[in-house]
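Okay, structure first, notes after.
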């Protein structure tokens, strides 16, 4: 499966005492019709990460703020695939390619 990019923001600041603080966050969007059925709970239901189209990566990274904002749109559901996977994906302690292997629904 080809790699894809999420829209996100990153910041680096230095406190008065010299401590460097680096932070980042994913940008989220209203969910498309596929993701609305999957991500439908919690305090921010019906959201999805802002997935960038390949042709928009450079605009997001090097464009003006207005140009970057213009490429934010829910990713087309017909270009996505959803399949059940193990709940092991819910813990950062687990890692490995088997986490994305489909399981029986």
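The values are calculated or read from the model by the stated rules, or taken from the named source; none is laboratory data. On a predicted model such as this, the values are computed, not experimentally measured, just so you know. Using ideal geometry, Cβ is built from the backbone for each residue, glycine included, and neighbour counts are taken over all protein chains shown.
Odds and ends about this structure:
- Screening residue 86 against (1) within 27 Å of residue 103 (Cα to Cα); (2) touching a residue at least 12 places away in the same chain (Cβ under 8 Å); (3) out of contact with any helix residue (DSSP H, G or I) (no Cβ under 7 Å at 6 or more places or on another chain) leaves a single unmet condition, (3).
Okay, residues lined up against (1) part of a loop (DSSP other than H, G, I, E, B); (2) closer than 17 Å to residue 3 by Cα; (3) modelled with pLDDT under 90:
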site	(1), (2), (3)
36	no, no, yes
55	no, yes, no
61	no, yes, no
68	no, no, no
81	yes, yes, yes
89	no, no, yes
93	yes, no, no
105	yes, no, yes
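- Matching residues in the range 1-26 - criterion: being surrounded by fewer than 10 Cβ atoms within 10 Å (Cβ to Cβ) and outside any strand (DSSP E or B): 1, 2, 3, 15, 16, 17, 18, 19
- Total residues in the range 22-36 satisfying the condition of being more than 19 Å from residue 8 (Cα to Cα) and free of Cβ contacts under 8 Å to residues at least 40 places away in the same chain: the figure is 1.
- Applying the criterion of being over 17 Å from the mean Cα position of the chain (by Cα) and surrounded by 13 or more Cβ atoms within 10 Å (Cβ to Cβ) to the residues of the range 71-87, the residue that is farthest from residue 31 (Cα to Cα) is 86.
- Residue in the range 40-53 that is surrounded by the fewest Cβ atoms within 10 Å (Cβ to Cβ), counting only those that are part of a loop (DSSP other than H, G, I, E, B) and free of Cβ contacts under 8 Å to residues at least 24 places away in the same chain: 43
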